[in-house]
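Structure first, commentary second.
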Amino acid sequence: DTLLEQGEQLTPERRARQHGIIYRAALGLAQVGGELLTLVDAGKLEPAEAVDVLEVLELVADVCRPVAEARECELVVSVPDDSAQVVSHPKTLTRAMLSLTLRAALRTRDGRVDVEARRDGPRHVTFSVAARGSGTLPEGGIAELLELFREEADTGSYTLSPEGLGLAATAHLVRAMGSELTVDAPTDDVLRLEFGITAVSYTHLRAHE
């Protein structure tokens, strides 16, 4: 959509760069979706270990920020004053956050995507992706976003929804880590995706600077 709307104004170099960003994002989503389904089907996760929250969110931001910028969105990462370590499955946790953040960035124009970890208790950290902006929610709201199949207006036939499938696969993956994915829309232009992980220790944020 961004390319079509701005196509006449973009230089060839800028157009090629945005094509590359969106193409890489699409490949990334396809790879993440494939890996999620493989892991869910196999019922196997890598061994749990202490995972640094800041490192996970910075990695996710590095991958997703170019996509957000192409959509003219700001991507902001925030962590607790005391950056947490959680007992979890590092690759699986990163894939889940990457999937949620990429989908939020690709849905949102002219807005902001917040990737956050917040401490909700002495041993609990909530991971959250919140998107605010134009196009964040479809006309049908959360119900439409979660649909696995969508009816084509011109033919009346049903096709598989990549967004619905992706969120369903991510929810299964989050559940495999012992948590639940919640999808919420506090207002008409805000989408929030969250799940919680049990924390085992905290180290001050400065230790990671």
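Just to be sure, is Gly133 modelled with pLDDT of 75 or more and more than 13 Å from the chain's Cα centre (by Cα)?
When the stated conditions are applied, Gly133 passes them.
Can you name the residue in segment 110-123 that is at pLDDT 90 or above and open to solvent by 50 Å² or more (accessible area, probe 1.4 Å) and is also nearest to Ala185 (Cα to Cα) among such residues?
Across segment 110-123, the extreme among qualifying residues is Arg112.
Kindly establish whether Val32 is at pLDDT below 65, out of contact with any Asp or Glu (no Cβ under 7 Å at 6 or more places or on another chain), within 19 Å of Ala171 (Cβ to Cβ) and open to solvent by less than 30 Å² (accessible area, probe 1.4 Å).
Criteria met by Val32.
Within segment 55-77, track down each residue that is under 13 Å from the mean Cα position of the chain (by Cα) and closer than 13 Å to Leu102 by Cβ.
Leu59, Val60, Ala61, Asp62, Val63, Cys64, Arg65, Val67, Ala68, Leu75
Are any residues in segment 74-107 touching an Asp or Glu at 6+ places or on another chain (Cβ under 7 Å), under 24 Å from Leu137 (Cα atoms) and either buried (at least 22 other Cβ atoms within 10 Å of the Cβ) or not basic (Lys, Arg) (or both), and if so, which ones?
Val76, Val77, Ser78, Arg103
Which of the residues that make up segment 163-200 are over 14 Å from the mean Cα position of the chain (by Cα), not β-branched (Val, Ile, Thr) and not in a strand (DSSP E or B)?
Passing the criteria: His172, Arg175, Ala176, Met177, Gly178, Ser179, Glu180, Ala185, Pro186, Asp188, Asp189.
For Ala185, state whether it is more than 17 Å from Phe127 (Cβ to Cβ), open to solvent by less than 70 Å² (accessible area, probe 1.4 Å) and at pLDDT 75 or above.
When the stated conditions are applied, Ala185 passes them.
The values are calculated or read from the model by the stated rules, or taken from the named source; none is laboratory data. Keep in mind that this is a model prediction, so the values were computed, not measured. All Cβ positions, glycine included, derive from the backbone under ideal geometry; neighbour counts span all protein chains shown. Areas reflect the complete protein model, heavy atoms only, side chains present, ligands, DNA and RNA absent. Shrake-Rupley method; radii C 1.70, N 1.55, O 1.52, S 1.80 Å.
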